[in-house]
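Input: a single structure, listed below in structure tokens.
The values are calculated or read from the model by the stated rules, or taken from the named source; none is laboratory data. Since the structure is predicted, the reported quantities are computational estimates derived from the model, not experimental observations. Cβ sites come from the backbone with ideal geometry, for glycine too, and all protein chains shown count toward neighbours. Accessible surface is based on the protein model in full, side chains and every heavy atom, while ligands, DNA and RNA are left aside. Shrake-Rupley method; radii C 1.70, N 1.55, O 1.52, S 1.80 Å.
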Amino acid sequence: MIPLKDMVPAAANNINTRFIILDKGKTTLEGESKACLALVADVTAAVHFQFCGEECDAFELGDIVCLVNGIFSYNRHNLVLRAGRRGKIEKVGEFTMVYVETSNLSEIRWVPDPNNSNKYVQESVLSPYSRIFPPLP
């Protein structure tokens, strides 16, 4: 299992991790399929997770989820973690996980690595917290 803080955007389904769902946005229709965005986190970082189709209704706040063969990439100009076509998500518990809300990997500007164009590196932090799911005062 990889900690969220060690993820780097890539066009490959190679993310195996575990996280807790902290917040969930409303479900929208994208073409003929449903989608919803969520704020998820582990003990190292937070990230936006995109649920698709049946996943939108299957998971709730506080669920602890195991992601196998997930993808961390841009989808409609948003950097999100998702299962994608080859990945699998499964509820493995609820409410009992230590987490942090900062830094949020979806709020980091990533650029191609000058030494390896197949990799990305962090350029700057857009916001330490989610701008979609702001922290409570």
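Protein heavy-atom accessible surface, 1.4 Å probe, per residue over the stretch 51-112: 57 Å².
In angstrom, the C-alpha Rg and Dmax of the chain are 14.2, 42. Across the options Leu67, Val43, Gly87, the greatest Cα extent toward the positive end of the charge dipole of the stretch 15-137 (unit charges at beta carbon of Lys, Arg, Asp, Glu) belongs to Gly87. Mean sequence separation of contacting Cα pairs (under 8 Å, at least six apart), scaled by the length of the chain, corresponds to a relative contact order of 25 percent. Surface composition of the chain: carbon and sulfur make up 50 percent of the accessible area, probe 1.4 Å.
For the chain, the mean residue ellipticity at 222 nm estimated from helices alone is -500 deg cm²/dmol, where every DSSP H run of n ≥ 4 contributes -39500 (n - 2.57) and the total is divided by all residues, rounded to the nearest 500. Net charge in the neighbourhood of Ile71 (other residues with Cβ under 13 Å of its Cβ; Lys, Arg +1, Asp, Glu -1) is +4.
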